[in-house]
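The values are calculated or read from the model by the stated rules, or taken from the named source; none is laboratory data. Note that the structure is a prediction, hence the values are computed from the model and not measured. Every residue, glycine as well, gets a Cβ built from its backbone with ideal geometry; the counts of neighbours run over all protein chains shown. With ligands, DNA and RNA removed, areas are computed over all heavy atoms of the protein, side chains included. Shrake-Rupley method; radii C 1.70, N 1.55, O 1.52, S 1.80 Å.
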Amino acid sequence: MTGIAHIGVVGGGAWGTALACLARRAGRKVTLWSRDRSVSAAIAHDRRNEIYLPGQSLDAGIEAATELAQLADCDAILLVCPAQALRVVAHDLPGSGPVVICAKGIEATSGLLMPEVLAEVLPGRAMAMLSGPSFAEEAVQGLPTAVSIATADAALGRDLAASLAAGMFRPYWTDDVVGVSLGGAVKNVLAIAAGIVEGRGLGHNAAAALITRGFAEMARLGLALGAHLETLTGLSGLGDLVLTCQGPLSRNRSLGAALGKGMSYETYMQGRRQVVEGAATAPAVLERAAKLGIEMPICTAVDAILHRGADLDDSIRGLLARPLRREGK
């Protein structure tokens, strides 16, 4: 049994809406708040969110809040906003219950992981991090999905997992907050690289090598920050990396594919409402790595292509021309 009966969801995007649906299926009372009032209105009156999760009918039991204050009595709040907006949104969170971060990224202005940001904004408040290989569209359709919930409080981890588990949605819990947070952030940068491989027509060999060597970069940084290797090879690390690098629903991979075909980042983003987290995370992850003396050549190339005007083909040749070395280094 769990004491988490009422779950608040902050964020009316695809993943926030999907998590609200999953929480309802798990038998919880759910209140969802979106910064976009048109999204809240559509959920309240039409039981739809056609902007972010088209074609999906929403449970009538999902209450659409017009004010954040309406979440004050929730037993737990799922914070499902873009990573770069987490600090601002968290500042206004009501209540005193645990906050579950569902944003994947590193804050660009500070280089902090999402739990580190939340600890600054809401010191002393119980928190957890939810991440893993999970396309919202598939999870809400009832297709098998497994995620990780990381928190220093094992009892809270068990309660949160029990409060969200339903049907084909299976949460696991762990105490490795750093590992779960880092995996979800770095995989977005690497997925852009995977998209470039696809868009440039570099083949399946290159795609496999990219995922493997990209994971080596993730692991080097993660271990230096104190993450556990078993977490990095688990759902929120390697699992999410494989999905985001190969899955056609990945926004980061789609951006990379467009870059690989010659489109500019600015052109690709024109008219798009959904955030591509890897673009902002790339320079932030490199700043964090530099402080620890960690080399991340693939992430460096992605950052250079996105933000520093680097030529795509020159960047690819530069990666392949790096000095030969023993694998595992």
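Quick test of your reading of the structure: Glu287 fulfils all but one of (1) within 21 Å of the chain's Cα centre (by Cα); (2) touching a residue at least 12 places away in the same chain (Cβ under 8 Å); (3) surrounded by fewer than 15 Cβ atoms within 10 Å (Cβ to Cβ); (4) outside any helix (DSSP H, G or I). Name the failing condition by number. It fails just one condition, (4).
The selection criterion, being within 19 Å of Leu320 (Cα to Cα), touching a Gly at 6+ places or on another chain (Cβ under 9 Å) and open to solvent by less than 10 Å² (accessible area, probe 1.4 Å), holds for Gly195. Scanning the stretch 51-84 for residues that are among the small types (Gly, Ala, Ser) and open to solvent by less than 10 Å² (accessible area, probe 1.4 Å), which turns out nearest to Met114 (Cα to Cα)? Among those that are among the small types (Gly, Ala, Ser) and open to solvent by less than 10 Å² (accessible area, probe 1.4 Å), it is Ala83.
Working carefully through the options Gly214, Gly157, Gly179, Gly184, find the one that is touching a Lys or Arg at 6+ places or on another chain (Cβ under 7 Å), at negative phi and not in a loop (DSSP other than H, G, I, E, B). Exactly one of Gly214, Gly157, Gly179, Gly184 is touching a Lys or Arg at 6+ places or on another chain (Cβ under 7 Å), at negative phi and not in a loop (DSSP other than H, G, I, E, B), namely Gly184.
When you check Ala290 against the structure, is it under 26 Å from Asn205 (Cα atoms) and either in contact with a helix residue (DSSP H, G or I) (Cβ under 8 Å, 6 or more places away or on another chain) or not charged (D, E, K, R) (or both), yes or no? Spelling it out, it is not the case that Ala290 is under 26 Å from Asn205 (Cα atoms) and either in contact with a helix residue (DSSP H, G or I) (Cβ under 8 Å, 6 or more places away or on another chain) or not charged (D, E, K, R) (or both). Go through the residues of the stretch 272-283 one by one and say whether even a single one is open to solvent by less than 10 Å² (accessible area, probe 1.4 Å), touching a Gly at 6+ places or on another chain (Cβ under 9 Å) and within 16 Å of Gly214 (Cβ to Cβ). The answer is yes, given that some residue of the stretch 272-283 is open to solvent by less than 10 Å² (accessible area, probe 1.4 Å), touching a Gly at 6+ places or on another chain (Cβ under 9 Å) and within 16 Å of Gly214 (Cβ to Cβ). Across the stretch 121-141, the number of residues qualifying as in a loop (DSSP other than H, G, I, E, B), without any contact (Cβ under 8 Å) to a residue 60 or more places away in the chain and either surrounded by 15 or more Cβ atoms within 10 Å (Cβ to Cβ) or hydroxyl-bearing (Ser, Thr, Tyr) (or both) comes to 3. Remark: pairs (first residue in the stretch 85-113, under 13 Å from Ala282 (Cα atoms); second residue open to solvent by 30 Å² or more (accessible area, probe 1.4 Å) and in a loop (DSSP other than H, G, I, E, B); Cβ separation under 8 Å; 6+ apart in sequence or on different chains) = Gly105/Pro82; Ile106/Leu112.
Flag: Arg322 does not match the condition of being among the basic types (Lys, Arg) and at pLDDT below 95.
Here Arg272 fits the description: out of contact with any strand residue (DSSP E or B) (no Cβ under 6 Å at 6 or more places or on another chain), at pLDDT below 95 and basic (Lys, Arg). Just one of the listed residues (Arg48, Arg24, Arg87) is under 17 Å from Gln141 (Cα atoms), open to solvent by 60 Å² or more (accessible area, probe 1.4 Å) and in a helix (DSSP H, G or I), and it is Arg24.
Taken over the stretch 93-119, residues that are among the aliphatic types (A, V, I, L, M), over 25 Å from Ala20 (Cβ atoms) and open to solvent by 10 Å² or more (accessible area, probe 1.4 Å) amount to 3.
When restricted to residues that are open to solvent by 10 Å² or more (accessible area, probe 1.4 Å), at pLDDT 95 or above and of a type outside the set (A, V, I, L, M), the stretch 142-168 contains 7. For Gly195, indicate whether it is touching a residue at least 40 places away in the same chain (Cβ under 8 Å), closer than 28 Å to Met127 by Cα and in a helix (DSSP H, G or I). It is false that Gly195 is touching a residue at least 40 places away in the same chain (Cβ under 8 Å), closer than 28 Å to Met127 by Cα and in a helix (DSSP H, G or I).
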